[in-house]
Every structure is written in C-alpha cells, then in structure tokens.
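Take a look at the structure set out below.
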C-alpha cells in the first residue's frame with residue numbers, strides 16, 4: 001500500500017479545502033465547530049481483514065463517528081529490518097475502509113501498547129539486544145523506534161484529516177505514567193512523530209489517577225484518561241491535570257479480558273450504559289474499549305504477571321458490544337440507546353445473529369510430534385541450556401534435548417517460561433509450570449534421552465517484566481550435576497508448511513473413537529460453505545493448537561474458561577476443509593465438534 005490512499009489522492013489536488021481538527025478552549029473543533037468524538041476500539045490485527053469492513057460498518061450503526069486502533073509494532077516488524085504491511089497487516093487499507101464508511105480514526109502506535117498483546121507490541125528481538133532500554137530515551141531503543149516510525153508514519157501521514165483522510169489524532173506512548181517518568185523520552189517520541197509529517201493533535205492517555213496522569217503526560221500534549229466506571233469522578237480527576245480543552249476517556253472499559261484458569265469476565269450492560277451516559281452528558285468525548293475485541297490468533301496473546309503469571313486466552317471477546325464473532329449484543333443495544341440521546345444514530349440495525357452449523361468431525365490421521373520435528377526446525381547444539389531468545393525463537397514452542405544417567409534421579413530448572421512437558425525416551429514424566437511454580441520433576445532411574453517441550457505462553461504485556469527472556473532460565477540440574485550438553489529445535493508452527501502437510505497425509509489412520517496420547521497431531525477434513533463462521537469445541541481434549549486450512553486459530557486448554565475457538569468465515573472454503581489439532585497431553589477420542597454458538601466459559605456472576 002503506497003503513501004497516498006484512493007480516498008485521499010483526489011482530495012490532495014485541493015489542499016485549501018481540507019478539513020481541520022483542533023483542540024479548542026472547551027471542545028475538539030472539527031472545521032472550527034465543536035465536535036464530540038464518539039469512538040470505538042477495533043484492532044485490525046485481531047480481526048480477519050476480510051471482516052474489517054463489516055466490523056467498521058457496525059461501529060457506525062451503533063452511533064460511533066470514529067474508530068480507534070492500536071498499531072502493534074511486532075505485528076509488522078517480525079525480524080530486524082522487516083516491516084510487513086500485507087494482508088491482515090495492511091493498516092493503510094484498514095484506515096481507507098474507515099474513511100469509506102464516512103468515519104474518522106484515532107491511531108495509537110505506541111511504541112508500547114499493552115493491549116493484552118504479546119510483549120505489549122514491542123518486538124522481542126529488540127528487547128533481547130544487550131544494553132537496550134525499554135520505554136526510555138535510550139539510544140538502542142530509540143534508534144529502533146525511529147526506524148519503526150519511519151516505516152509506519154508515511155502510511156498515516158497522507159491519511160490525516162488535514163490531508164483529506166480519516167485520522168483525527170494520534171497518541172504518544174500508552175499509559176506511560178503506570179510505568180515511568182522519563183519526560184525526555186516522551187518529547188523524543190513527539191519529535192519523531194512531528195518530523196514524520198504528523199500534524200494532527202497528539203494525545204497521551206493514563207489511568208484516572210493523579211500520580212499517573214502527572215508522570216505520563218507533557219504540558220504541550222493533551223491528556224486523556226482511561227476508566228470504566230464512576231465517570232463524573234474520573235473526569236474531575238482528569239480536569240485537574242488538563243485544565244482547559246475537551247475531556248476525553250480514551251479507554252472506556254466496557255468489559256475485560258480473560259486469562260487461562262480463571263472465569264470469563266462479563267459486565268452489566270445497564271451499569272455500563274449508565275456510566276457512558278454520565279460521561280457523554282458531561283460533554284466529554286469517548287473511545288469505547290473495546291467496541292469489538294476480536295481474537296488473539298496464533299501465538300499473539302500477551303500475559304500479566306502481578307505475582308502470578310497469567311497468560312491471556314485466545315478469545316479477546318472482552319464482553320464488548322460487538323462479540324468476537326461480530327454479533328451485536330445486549331450491551332450493543334444499551335450503548336446505542338445512550339448514544340442516541342446525545343448524537344444522531346443511523347436507522348439501520350445490524351444484521352441478527354444466526355446459529356452456526358453444528359456437526360462432528362473425526363480426525364483419523366495421527367502423527368507424533370517427534371516424527372514431525374525434522375521438518376519443523378533445525379537442530380542446534382549448545383554447551384548450556386539457552387533461552388529461546390538466544391535461539392531466536394520469539395514465540396511458540398521449542399524442543400530441548402539432552403541425555404541423562406541412572407543416578408540423575410531428579411530434574412530441576414531455575415525457572416521455566418512458561419511451561420514444559422518433560423519426557424524420557426518419549427515417555428512423559430511431568431510438567432514444569434511457571435503459573436503453578438513447579439520447577440522440579442522426578443526422573444526414572446535409567447539412562448535415556450531427556451526432552452523438554454517448552455511453550456512460550458505469551459510474553460508479559462504490562463509492568464516491569466516486559467522484555468524478559470523466555471525458555472529455560474537459570475540453568476538445569478539433576479541430583480548430582482548441571483546439564484550442559486544440549487540440542488534445541490525452534491518449532492515452526494505458526495505457518496502450516498507443505499512438508500508437515502505431506503507427513504500428515506501419509507500418517508496412519510486409526511479409529512477416531514480410540515483415546516490418544518500426546519504430543520500428537522490429529523488430522524481430518526470437513527465439508528462447509530465458503531465464508532461460514534464456525535465455533536469449534538474440543539471436549540475431552542486437554543491442551544494444544546488448532547489449524548483450519550493452515551490458519552492457526554490459536555491455543556485451547558481445558559483449564560478454562562474458553563470452551564470454543566472462533567473460526568472466521570473467510571478461513572473456511574467451499575467443500576473440503578482441512579482441520580489439524582496438536583494435542584500436547586491426551587484426548588478421550590480423536591473427535592471434535594462444531595457448535596451453533598460460542599461458549600466462553602463460566603462467569604463469576
């Protein structure tokens with residue numbers, strides 16, 4: 001996608017007629033007139049690109065006039081020097097679709113975004129560099145940020161409202177007051193953004209807390225706040241730090257994210273609507289977070305660690321007004337009714353939800369992960385147990401292999417990040433878990449090949465543990481010695497390659513009713529109509545990954561809460577579709593089911 005979009009190219013011929021968006025003494029001013037921003041958060045990288053237009057359209061139908069999105073740096077820069085804007089990474093196309101719907105946009109490019117996204121959006125390869133700072137005015141870090149902005153900002157520059165595009169404003173950093181107090185860092189970001197041709201207003205956002213608002217803002221930037229309740233009180237807090245100009249809640253939390261092993265979070269549509277009404281009645285602008293949460297496809301989910309490591313689920317439904325599958329909920333109707341009291345709302349209603357097809361799929365072909373390792377990665381030798389960052393494996397799974405003797409007896413790891421299945425000669429002997437704080441397992445009293453299948457379950461996205469290394473940390477010991485002679489294989493699982501597909505096609509067929517042990521791939525096919533949304537349920541399965549037609553949906557886990565995986569319609573083909581499950585532990589049978597509606601798990605209500 002080039003710098004200039006089709007939406008802006010024609011308008012660039014007459015720059016004198018371009019709209020303006022400014023911060024006035026009391027209001028945002030669009031073309032000089034007071035303007036209340038009614039925005040909703042919709043992350044392009046959590047939604048299949050063929051569904052962007054549908055989700056944006058439904059935002060307008062709820063009465064919103066603006067769409068907000070983060071930009072996840074690590075989505076585009078998967079390796080040093082890379083900046084991918086193809087397919088689901090095409091932020092330019094996403095913003096053009098916002099403009100085509102007659103809406104505006106707010107862009108929040110971080111560089112840190114949190115967002116319950118892997119590493120808070122920061123590239124793991126960058127934070128693995130020796131001496132690099134994190135969210136600070138440190139040369140190595142800032143040089144990388146400058147390169148990131150140099151690639152990103154041209155895609156935003158000609159899509160600003162001042163040039164005929166949809167972008168009203170851009171945010172600098174994100175809730176920085178909860179992390180640091182480096183004003184020169186913030187000013188360095190501002191210089192990079194302005195030098196990159198961004199002339200729309202720049203904003204900061206912080207939680208509605210006096211200390212955080214003070215630390216995270218600059219006098220020359222307009223402050224906004226984040227909160228989900230007690231709107232009048234929180235706006236008063238913001239006003240103490242932003243004495244003039246419009247008030248804005250940059251994240252009006254209308255739900256919450258889920259973590260594995262916990263309940264599914266829901267919030268009351270009635271109370272959420274009441275708090276939104278208070279906010280809008282005060283004349284404040286808003287960004288509803290989330291309007292539509294979407295999905296943490298693949299290995300993209302983040303994690304929190306406030307004493308206990310808690311990885312985020314594949315579903316990022318967020319109990320948002322528009323569900324993970326793009327269905328208008330009771331909360332959608334409640335917020336739409338509130339917005340209609342303060343601004344025009346279109347007469348058109350979003351299309352009603354229809355049940356998805358329900359059917360059972362047997363997976364007769366089975367392939368042990370061990371047999372697939374040669375096509376999934378290269379073997380590397382080490383004289384110590386390396387971190388996955390040393391290996392250059394930035395997400396997913398890594399296989400560690402060494403040998404043990406009869407008198408080794410017990411295995412102890414300094415720390416595992418984040419989970420490891422331990423086996424000897426292919427026989428499982430235990431699990432090491434960061435969440436459960438298990439770092440020791442007994443070993444059989446025999447010589448053999450020791451393997452640890454280590455899973456990075458999501459890099460921490462908030463707080464001081466951002467940027468920490470993954471894999472095996474602090475050395476690996478047995479009862480009498482440190483294990484130093486290692487082989488590793490970083491497993492390429494995000495993209496389902498042809499060599500793995502060929503192995504599965506040649507794999508033996510077994511009766512699907514038979515229980516199965518893992519780690520094992522299970523493969524089968526199903527028939528469907530192209531473009532049909534599906535909901536996959538894996539009752540009787542334990543933990544693993546699922547691909548449909550080579551697209552990695554993400555992780556499943558019997559630990560709860562999520563009981564179904566969302567399959568976006570654009571992934572589904574007409575006629576035959578391929579389904580592959582990598583089960584890490586075991587299943588009661590090699591059968592899965594598609595069900596009529598999602599099941600995101602038990603709530604705490």
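Descriptive notes on the structure:
- Answer residue from the stretch 351-378, given it is in a loop (DSSP other than H, G, I, E, B) and within 26 Å of the chain's Cα centre (by Cα) and is surrounded by the most Cβ atoms within 10 Å (Cβ to Cβ) among those: 356
- Filtered residue count, the stretch 330-344, keeping only those that are over 27 Å from the mean Cα position of the chain (by Cα) and either free of Cβ contacts under 8 Å to residues at least 24 places away in the same chain or surrounded by fewer than 18 Cβ atoms within 10 Å (Cβ to Cβ) (or both): 6
- In the condition set (1) over 30 Å from residue 130 (Cβ atoms); (2) without any contact (Cβ under 8 Å) to a residue 60 or more places away in the chain; (3) surrounded by 14 or more Cβ atoms within 10 Å (Cβ to Cβ), residue 436 is compliant with all but (3).
- Enumerated helices (runs of 4 or more DSSP H) restricted to the stretch 1-78, each holding at least 3 residues that are buried (at least 18 other Cβ atoms within 10 Å of the Cβ) and at pLDDT 95 or above: 52-61, 73-76
- The one condition in (1) within 29 Å of residue 297 (Cα to Cα); (2) surrounded by 17 or more Cβ atoms within 10 Å (Cβ to Cβ) that residue 476 fails to fulfil: (1)
- When each of 223, 234 is tested for being under 29 Å from residue 143 (Cα atoms), free of Cβ contacts under 8 Å to residues at least 60 places away in the same chain and under 28 Å from the mean Cα position of the chain (by Cα), the lone residue that passes is 223.
- Each residue in the stretch 134-165 was checked for being over 24 Å from the mean Cα position of the chain (by Cα) and part of a loop (DSSP other than H, G, I, E, B), and 6 pass.
- Residue 550 being touching a residue at least 24 places away in the same chain (Cβ under 8 Å), at positive phi, surrounded by 14 or more Cβ atoms within 10 Å (Cβ to Cβ) and not assigned by TED's automatic domain parsing to the domain that holds residue 299: yes
- Residue in the stretch 453-464 that is farther than 21 Å from residue 297 by Cβ and part of a loop (DSSP other than H, G, I, E, B) present: yes
- In summary, residue 374 fulfils each of the numbered conditions (1) within 30 Å of residue 591 (Cα to Cα); (2) touching a residue at least 24 places away in the same chain (Cβ under 8 Å) with the single exception of condition (2).
- Boolean, residue 292 is at negative phi, touching a strand residue (DSSP E or B) at 6+ places or on another chain (Cβ under 6 Å), surrounded by fewer than 21 Cβ atoms within 10 Å (Cβ to Cβ) and in contact (Cβ under 8 Å) with a residue 60 or more places away in the chain: no
- Flag set for residue 499, criterion: outside the structural domain of residue 456 (by TED's automatic domain parsing) and out of contact with any strand residue (DSSP E or B) (no Cβ under 9 Å at 6 or more places or on another chain).
- Criterion (part of a loop (DSSP other than H, G, I, E, B) and modelled with pLDDT of 95 or more) met by exactly one of 544, 531, 524: 531
- Residues being at positive phi, assigned to a loop (DSSP other than H, G, I, E, B) and not assigned by TED's automatic domain parsing to the domain that holds residue 517 are represented in the stretch 419-427 by at least one member.
- Taking first residues from the stretch 57-85 that are not assigned by TED's automatic domain parsing to the domain that holds residue 46 and partners that are assigned to a loop (DSSP other than H, G, I, E, B), no Cβ contact under 6 Å between residues at least 6 apart in sequence or on separate chains turns up.
- Output for the stretch 205-220, where each listed residue is more than 27 Å from residue 265 (Cβ to Cβ) and buried (at least 20 other Cβ atoms within 10 Å of the Cβ): 217
- Scanning the stretch 106-139 for residues that are touching a helix residue (DSSP H, G or I) at 6+ places or on another chain (Cβ under 8 Å) and over 30 Å from residue 315 (Cβ atoms) yields 129, 131, 132, 133, 136, 137.
The values are calculated or read from the model by the stated rules, or taken from the named source; none is laboratory data. Everything numeric here is computed off the predicted structure, so don't read it as measured data. Cβ sites come from the backbone with ideal geometry, for glycine too, and all protein chains shown count toward neighbours.
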